[in-house]
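Right, one structure below, let's go through it.
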Amino acid sequence: MKVLFVASEAYPLVKTGGLGDVAYSLPLALHEAGQDVRLLLPGYRDLLRKLESVRILGWLELQGANRIHAARILQAEHAAFPFPLWVLDCPELFDRPGNPYLQPEGFDWADNAERFTVFARSVLELSRDTLQLGWVPDVVHANDWQTGLVPAFLDTLPQPPKRIFTIHNLAYGGHFSPVDFVSLHLPGYWWSAEGAEFYGGFSMLKAGIVYADAVTTVSPAYAKEICTPAFGYGLDGLLLSRSYKLSGILNGIDMDAWNPAADPSLAGFYSLEQIEPGKRLNKTALLKRLGAQDPDSHLAYPLLGTVGRLVEQKGVDLILNAIPELLAQTDARFALVGTGHGYFEQRLRQLAAEHPDRVFIFIGYDEQLAHLLEAGTDLFLMPSRFEPCGLNQMYSLRYGTPPVVFHTGGLADTVVDASAANLENRTANGFVFYEPTTSALRGAILRALDCFAQPRIWQQLQLTGMQQDFGWENSARQYLALYDKGETI
């Protein structure tokens with residue numbers, strides 16, 4: 001099949017979150033499964049600088065906000081991709097520094113509606129081969145609100161390709177005003193309850209749900225959760241009415257990039273067959289990197305870690321609230337890495353200042369440090385209030401670092417609680433709590449520390465997690481079934 005994969009970011013060219021990882025790994029897995037893949041991305045400034053062997057496929061004139069944009073479609077190569085990359089080069093909209101969606105001050109770009117409408121219109125032109133390239137997609141796979149208008153525009157074709165729309169996080173809906181709708185010259189019939197209209201404005205995400213042939217989310221549990229008022233962000237009724245075309249396919253991880261037996265970011269390699277001394281070497285290196293005065297003096301004690309965005313969704317407040325009592329009750333150490341809300345950053349600094357021999361922090365994001373933390377900690381804390389899929393819990397399992405998670409979304413699909421029954425049948429791989437409260441998280445951590453004190457049980461947990469295959473092959477097979485027949489396997 002000819003598959004056009006459309007996304008607003010893709011690792012290693014541009015990445016702000018999990019979408020970037022998926023837009024790299026899934027097209028790669030589809031290519032390895034024998035499909036004819038093209039990946040289309042916007043031509044951000046930083047992205048263009050990383051491309052190799054760029055050539056112009058042609059020029060398009062695309063309707064913007066009361067103006068026409070002259071844009072180029074580029075074809076490029078990059079060492080990370082064994083198939084052609086297509087790029088919409090429209091400098092007026094995308095030649096900007098930094099984050100693809102936000103201004104340096106942290107606010108959305110004021111013309112985001114125009115930017116991603118023009119991007120979607122380029123997909124329409126490529127799908128009807130306006131540039132006469134002789135390559136017409138059988139399937140167009142769009143991702144998140146930035147490409148939500150893609151299925152809607154393709155719906156205007158007499159014989160549209162199969163339209164797949166994946167929701168990576170329903171919390172971001174691509175909501176814009178009626179003024180934007182009119183200025184972008186969008187079809188009037190989209191402005192309806194059965195179209196893109198949403199509470200007096202319009203939602204690009206809603207358009208994707210309405211006009212796609214199939215809608216997926218990134219885990220089976222999240223597919224069910226978003227059909228409820230608690231997780232639906234006002235779209236739960238629509239999703240429930242479209243449940244016949246909604247399914248959840250669990251994301252995979254890059255098993256080569258995240259491999260403790262060959263990860264160049266680690267201080268020592270280890271594997272399922274021999275965990276030590278590799279894991280201990282990484283614990284020492286992590287503590288040293290985070291400023292511990294005498295790393296070896298901490299090795300006998302449990303090291304609990306987390307890495308990610310410091311925002312309420314990730315349950316960072318639960319961790320911060322639990323730490324003081326855990327410091328008083330246990331001999332645990334904490335390694336905390338992340339950046340985000342200023343309030344949480346300040347609380348982290350305060351904890352580290354008050355407990356310099358027990359709490360070690362790094363404010364910011366560092367990819368190498370993220371890998372080292374997964375390998376060097378004994379327990380990974382991931383108490384997200386909602387988590388469409390989550391990748392860090394899978395990285396943790398792969399690295400023999402049992403995770404502590406709240407029972408939601410992809411966390412519920414991947415982490416099996418260390419209950420007595422699950423330990424007995426050797427399916428347990430982590431620790432799950434069922435209420436998003438500090439006391440519930442603390443209780444799960446105390447259970448985990450009790451298991452940590454029992455080496456035989458702890459090693460069994462590690463081995464169960466490390467044995468699991470979270471590669472993209474199975475996920476790609478499910479997507480191919482969806483492309484081919486309209487149903488997952």
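The values are calculated or read from the model by the stated rules, or taken from the named source; none is laboratory data. Here the structure is a predicted model, which means the values were calculated and not measured. Virtual Cβ from ideal backbone geometry, glycine too; neighbours counted across all protein chains shown.
Do the conditions hold for L60, that is, is it touching a helix residue (DSSP H, G or I) at 6+ places or on another chain (Cβ under 9 Å) and either part of a loop (DSSP other than H, G, I, E, B) or over 16 Å from L131 (Cβ atoms) (or both)?
Judged against the criteria, L60 is not a match.
How many residues, within segment 52-84, are crowded, with 17+ Cβ neighbours inside 10 Å, out of contact with any strand residue (DSSP E or B) (no Cβ under 6 Å at 6 or more places or on another chain) and aliphatic (A, V, I, L, M)?
Summing the residues that are crowded, with 17+ Cβ neighbours inside 10 Å, out of contact with any strand residue (DSSP E or B) (no Cβ under 6 Å at 6 or more places or on another chain) and aliphatic (A, V, I, L, M) in segment 52-84 gives 1.
Within segment 127-176, restricting attention to residues that are of a type in the set (D, E, K, R) and either crowded, with 22+ Cβ neighbours inside 10 Å or in the same structural domain as T408 (by TED's automatic domain parsing) (or both), which residue is nearest to P220 (Cα to Cα)?
Residue satisfying both the conditions and the ranking: D144.
Taking only pairs six or more apart or across chains, which ones have beta-carbon atoms under 7 Å, a first residue in segment 108-121 that is closer than 23 Å to F165 by Cα and of a type in the set (V, I, T), and a second residue that is modelled with pLDDT of 95 or more and assigned to a helix (DSSP H, G or I)?
That search, which allows pairs on different chains as well, returns T117/L149; V118/L93.
Quick one: which residue in G305, G248 is assigned by TED's automatic domain parsing to the domain that holds L411, surrounded by 15 or more Cβ atoms within 10 Å (Cβ to Cβ), in contact with a helix residue (DSSP H, G or I) (Cβ under 6 Å, 6 or more places away or on another chain) and of a type in the set (G, A, S)?
Being assigned by TED's automatic domain parsing to the domain that holds L411, surrounded by 15 or more Cβ atoms within 10 Å (Cβ to Cβ), in contact with a helix residue (DSSP H, G or I) (Cβ under 6 Å, 6 or more places away or on another chain) and of a type in the set (G, A, S) holds for just one of G305, G248, which is G305.
Kindly indicate which of P455, P403 is touching a strand residue (DSSP E or B) at 6+ places or on another chain (Cβ under 7 Å) and either under 29 Å from L281 (Cβ atoms) or modelled with pLDDT of 95 or more (or both).
Exactly one residue qualifies, and that residue is P403.
Criterion first (out of contact with any helix residue (DSSP H, G or I) (no Cβ under 6 Å at 6 or more places or on another chain) and either crowded, with 18+ Cβ neighbours inside 10 Å or among the small types (G, A, S) (or both)) does L327 satisfy it?
The answer is no for L327.
Among R96, R55, R67, R38, which is the only one that is over 26 Å from A152 (Cβ atoms), in the same structural domain as R163 (by TED's automatic domain parsing) and not β-branched (V, I, T)?
The conditions single out R55.
Please go through segment 107-135 and give me each residue that is part of a loop (DSSP other than H, G, I, E, B) and closer than 22 Å to A23 by Cβ, ordered by number.
Those that are part of a loop (DSSP other than H, G, I, E, B) and closer than 22 Å to A23 by Cβ: W109, L133, W135.
Taking the criterion of being touching a residue at least 60 places away in the same chain (Cβ under 8 Å), assigned to a loop (DSSP other than H, G, I, E, B), more than 30 Å from F5 (Cβ to Cβ) and of a type in the set (V, I, T), would at least one residue in segment 375-384 satisfy it?
Checked segment 375-384: at least one residue is touching a residue at least 60 places away in the same chain (Cβ under 8 Å), assigned to a loop (DSSP other than H, G, I, E, B), more than 30 Å from F5 (Cβ to Cβ) and of a type in the set (V, I, T).
So is F198 without any contact (Cβ under 8 Å) to a residue 40 or more places away in the chain and closer than 17 Å to V150 by Cβ or not?
So F198 does not fit the description; no.
Please find, among Y233, Y244, Y222, the residue that is over 30 Å from E32 (Cβ atoms), among the aromatic types (F, W, Y) and touching a Gly at 6+ places or on another chain (Cβ under 7 Å).
Y233
Within the bounds of segment 99-106, is there any residue that is under 27 Å from L235 (Cβ atoms), assigned to a helix (DSSP H, G or I) and out of contact with any Ser or Thr (no Cβ under 8 Å at 6 or more places or on another chain)?
no
Among the residues of segment 398-416, is any under 22 Å from A257 (Cα atoms), hydrophobic (A, V, I, L, M, F, W, C) and in contact (Cβ under 8 Å) with a residue 12 or more places away in the chain?
yes
State the number of residues belonging to segment 87-124 that are of a type in the set (S, T, N, Q) and surrounded by fewer than 23 Cβ atoms within 10 Å (Cβ to Cβ).
3
Report the residue count in segment 430-473 for those that are assigned to a helix (DSSP H, G or I) and not β-branched (V, I, T).
26
Kindly state which strands (runs of 3 or more DSSP E) lie completely within segment 242-349 and contain at least 1 residues that are farther than 20 Å from L381 by Cβ and touching a strand residue (DSSP E or B) at 6+ places or on another chain (Cβ under 9 Å).
246-248
Of everything in segment 80-112, what is closer than 30 Å to L30 by Cα, among the aliphatic types (A, V, I, L, M) and within 22 Å of the chain's Cα centre (by Cα)? Give them in sequence order.
A80, L85, V87, listed by residue number.
Going residue by residue through segment 177-199, is there one that turns out to be over 22 Å from Q313 (Cα atoms), touching a His at 6+ places or on another chain (Cβ under 8 Å) and surrounded by 15 or more Cβ atoms within 10 Å (Cβ to Cβ)?
The answer is yes, given that some residue of segment 177-199 is over 22 Å from Q313 (Cα atoms), touching a His at 6+ places or on another chain (Cβ under 8 Å) and surrounded by 15 or more Cβ atoms within 10 Å (Cβ to Cβ).
Before we move on, is Q368 surrounded by fewer than 18 Cβ atoms within 10 Å (Cβ to Cβ) and either farther than 23 Å from R442 by Cα or at pLDDT 95 or above (or both)?
Yes, satisfied.
Restricting the search to segment 406-421, which residues are in contact with a Cys (Cβ under 7 Å, 6 or more places away or on another chain) and either farther than 18 Å from L463 by Cβ or aromatic (F, W, Y) (or both)?
The answer is G409, G410.
Sort through D213, D180 and tell me the only one that's acidic (D, E), touching a residue at least 40 places away in the same chain (Cβ under 8 Å) and under 20 Å from Y101 (Cα atoms).
Just one listed residue meets the conditions, D180.
Being over 24 Å from D21 (Cα atoms), surrounded by 22 or more Cβ atoms within 10 Å (Cβ to Cβ) and not hydroxyl-bearing (S, T, Y) is true for just one of A453, A375, A440, A418. Which residue is that?
A418
Looking at (1) surrounded by fewer than 17 Cβ atoms within 10 Å (Cβ to Cβ); (2) in a helix (DSSP H, G or I), find the lone condition where D357 falls short.
(2)
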